[in-house]
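A.B. asks: Right, I'll just put the structure down here and ask away after.
The values are calculated or read from the model by the stated rules, or taken from the named source; none is laboratory data. Keep in mind that this is a model prediction, so the values were computed, not measured. With ideal geometry, Cβ positions are generated from the backbone for all residues, glycine too; neighbour counts draw on all protein chains shown. The protein model used for the area step is the full one, side chains on, heavy atoms only, and it has no ligands, DNA or RNA in it. Shrake-Rupley method; radii C 1.70, N 1.55, O 1.52, S 1.80 Å.
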Amino acid sequence: MTYEGEKKYVSKDFQENIDYLSERLGVKKSFDVIRLDLEYAGRKMALFMVDGFVKDDILHYLMKYLSRLEPEQLEENTLDKLLKTYIPYVEIDKTNDLNSIVHTVLAGPTALVVDGIDEVILIDARTYPVRGPEEPDMERVVRGSRDGYVETIVFNTALTRRRIRDRSLRMEYMQVGRRSKTDVVICYLEDIADLDHVEDLKKSLKAIDTDGLPMGEKTIEEFIAGRHLNPYPMVRYTERPDTAAAHLYEGHVIIFVDGSPSAIITPTTFWHHLQHVEEYRNKPVVGAYLRIVRFIGVWASLFLLPLWYLFAINPELLPPGTDFIGVNDKRQIPLLIQFLLVEIGIDVLRMAAIHTPSSLATALGLVAALMIGQVAVEVGLLTYEVVLYLSIAAIGTFATPSYELGLANRMFRIILLLFTAWLGVIGFVAGITCWLIMLARMKSFNVPYLYPLIPFNYRGMRDVLLRAPMPLKNRRPPFLHPKDPDR
């Protein structure tokens, strides 16, 4: 028996080769795996392909060309003549490993087996069902490009290369997964990126030992980033080619996974997840204002709810003249239970919105507003203050550019709320302190997660807080260790 990782060399016996390929590909078991028996120039040939992955017009043209050959034209140097003369196609290759041929055919290319040749010709005339490059829902802008990554890796690399016409742009290909053989591409600028980081990524990807990548880029992240119990994201996802190009010019390394419209940006810090392309599609002053507003929303989503709860249960902490911050209408249900009920209700609504057809989304929003808002208050389940402050926190969560960071912040908000309910002021301060220590100790591919705050870097922190004009951004981030620090 031949194992997946072993080589099975092409035999001189034509029938043995096609029998082996037919058995491993399941020709008679799968309706979409096709073996086409042919005879051209007095030689037996066989084409192996997957229906739906092949450009029929190209194969018809090549078959028509081969049908005109005479036997004497293939008498000597048959393989070279076919590759260089008689198969006029750009993406063509050869191999002598039958197991490699099996994986290649399942990925889309067509295999041509020719009697009397101990190698098989591979014709990459594949096509995939694919949607158009539309603007990503999660990263919309008022002005800017409207194209986005799709599920086909070749399209994604082409969208990226269209924006980076640099001779040092590298797209290194590999396959991950013992059974799935998923196509993965590491993208970086060789003259800028830290090549040690590139090599570390390659080693991590090669070390992945699993049968497949059912969740695509998310499975890759969990293998190469680790920290499974930590909710904070170690990498950043983007579906915008212009965002990916901007990070490549800074010195980041990007990973594309076939079947996924999201590119993985490495390494990243906490602050990368708070940036949005909209800030760079406006004037610097407007972009700086939008960033400040976004920061306010994110901090409100984290700290406003536990802080208000602390004042509500300890009204003596309120400064004079701020009595309105507390609870004006006492209810029988404890505030903490009210908060937890609404937090769970918001998550349930979010899940329902994902599974609700767009035509019913408006109706779902009306039902949610009536149920959780007005009716819940009128029946005495919630207070007006709980609905108000939780709504502000929820808006701040949705204003977070990174979906993964928004969910992580929501989990921390609930934990901080529980700490505050348990220990009061001490729990509130201790919860924030533990959170900061946790983030300060984290590293994304050996880069401090809170950089440039910890360790502090004035220039980097200035760029985090304010959207600097592009002419002034003449230095690449030092934490990336770029080979060319000047822009």
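A.B. asks: Roughly how many percent of the accessible protein surface of segment 90-218 is carbon and sulfur, given a 1.4 Å probe and a whole-percent answer? Walk me through the numbers before you get to the answer.
C.D. replies: Details: 3050 of 6400 Å².
Ligands and nucleic acids excluded, carbon and sulfur give 48 percent.
A.B. asks: I'd like the accessible area for His197: 1.4 Å probe, protein heavy atoms, all chains in place, Å² to the nearest 10.
C.D. replies: Answer for His197: close to 20 Å² accessible.
A.B. asks: Also: What's the ranking of 412-424, 64-76 by average number of surrounding C-beta atoms within 10 Å, highest first?
C.D. replies: 412-424, 64-76
A.B. asks: With every protein chain left in place, what is the accessible area per residue of the chain in square angstrom, probe 1.4 Å?
C.D. replies: Details: 25340 Å² over 487 residues.
For the chain, the solvent-accessible area averages 52 Å² per residue.
A.B. asks: At 37 °C and 0.692 mPa s, grab the translational diffusion coefficient of segment 380-440 from Stokes-Einstein with a Kirkwood Rh over Cα pairs, rounded to a whole number in µm² per second. List each step's numbers first, then the result.
C.D. replies: Working: Rh = 12.8 Å.
The estimated diffusion coefficient comes to 256 µm²/s.
A.B. asks: If I take R0 = 41 Å and measure r between the Cβ atoms of Val285 and Asp56 in this structure, what FRET efficiency does the formula 1/(1 + (r/R0)^6) give, to the nearest 0.05?
C.D. replies: On the way: r = 56 Å, r/R0 = 1.36.
That pair, Val285 with Asp56, gives E of 0.15.
A.B. asks: Which of the pairs Lys44/Lys64; Lys7/Lys64; Lys8/Lys181; Lys8/Lys64 have their Cα atoms more than 21 Å apart in this structure?
C.D. replies: Lys7/Lys64; Lys8/Lys64
A.B. asks: Another one. Rounded to the nearest 0.05, what FRET efficiency do Phe398 and Glu172 have when you use their Cβ-Cβ distance and R0 = 30 Å?
C.D. replies: On the way: r = 37 Å, r/R0 = 1.22.
Given R0 = 30 Å and the Cβ-Cβ separation, E is 0.25.
A.B. asks: From the square roots a ≥ b ≥ c of the eigenvalues of the alpha-carbon gyration tensor of segment 207-312, which class results: rounded (a/c under 1.5), prolate (a/b over b/c), or oblate? If you can, show how the numbers build up before the last one.
C.D. replies: Working: a/c = 2.91, a/b = 1.35, b/c = 2.16.
Verdict is oblate for segment 207-312.
A.B. asks: Angle, helix 284-299 long axis vs. longest principal axis of the chain, Cα atoms, 0 to 90°, nearest 10?
C.D. replies: With rounding to tens, the tilt is 70 degrees.
A.B. asks: Right, next: May I ask you to derive the relative contact order of the chain, considering only C-alpha pairs under 8 Å and at least 6 residues apart, and to give it as an integer percent?
C.D. replies: 13
A.B. asks: Sticking with this structure for a sec: Round to the nearest 10 and give me the degree value, 0 to 90, for the angle of helix 56-66's Cα axis relative to the longest principal axis of the chain.
C.D. replies: Here the helix axis deviates by roughly 20 degrees.
A.B. asks: Sticking with this structure for a sec: May I ask for the angle, rounded to the nearest 10°, between helix 195-206 and the longest principal axis of the chain, with both axes built from Cα atoms and the value confined to 0 to 90°?
C.D. replies: 70
A.B. asks: Would you list, by chain and number, the aspartates and glutamates whose Cα falls below 17 Å from the Cα of Lys28, excluding same-chain residues fewer than 8 positions away?
C.D. replies: Straight-line reach from Lys28, under 17 Å: Glu16, Asp19, Asp37, Asp51.
A.B. asks: How big is segment 109-202 along each principal axis, measuring the range of its Cα positions in Å and listing the largest first?
C.D. replies: Cα spread of segment 109-202 along its principal axes, largest to smallest: 61, 36, 28 Å.
A.B. asks: Next question. When you count, for each residue, the other Cβ atoms within 10 Å and take the mean per peptide, how do 303-310, 103-110, 55-62 rank with the highest first? Can you show the working numbers first?
C.D. replies: Details: 303-310: 21.2, 103-110: 19.6, 55-62: 14.2.
In descending order of packing, they fall as 303-310, 103-110, 55-62.
A.B. asks: Report, to the nearest whole %, how much of the accessible area of segment 1-54 belongs to carbon and sulfur atoms, 1.4 Å probe, protein only. Display every interim value, and only then the final one.
C.D. replies: Details: 1700 of 3430 Å².
Ligands and nucleic acids excluded, carbon and sulfur give 50 percent.
A.B. asks: Follow-up. Could you tell me the convex hull volume per residue, in Å³, taken over the Cα atoms of the chain? Intermediate results must be reported in sequence, preceding the final value.
C.D. replies: On the way: hull volume 96.5 nm³, N = 487.
Here the figure is 198 Å³ per residue.
A.B. asks: Report the FRET efficiency, 1/(1 + (r/R0)^6), for Arg350 and Arg140, where r is their Cβ-Cβ distance and R0 is 22 Å, rounded to 0.05. Write out the running numbers ahead of the final one.
C.D. replies: Numbers: r = 18 Å, r/R0 = 0.83.
For Arg350 and Arg140, the calculated efficiency is 0.75.
A.B. asks: Treating the beta-carbon of each Lys and Arg as +1 and of each Asp and Glu as -1, no other charges, what is the dipole magnitude of the chain about its Cα centre, to the nearest 20 debye? The partial results should precede the final answer.
C.D. replies: On the way: 55 positive and 61 negative charges, 343 e Å.
Using only the charged Cβ atoms, the result is roughly 1640 debye.
A.B. asks: Follow-up. What spacing in nm lies between the two simple spin-label points modelled at Leu195 and Asp37, each 7 Å away from Cα in the Cβ direction?
C.D. replies: 5.4
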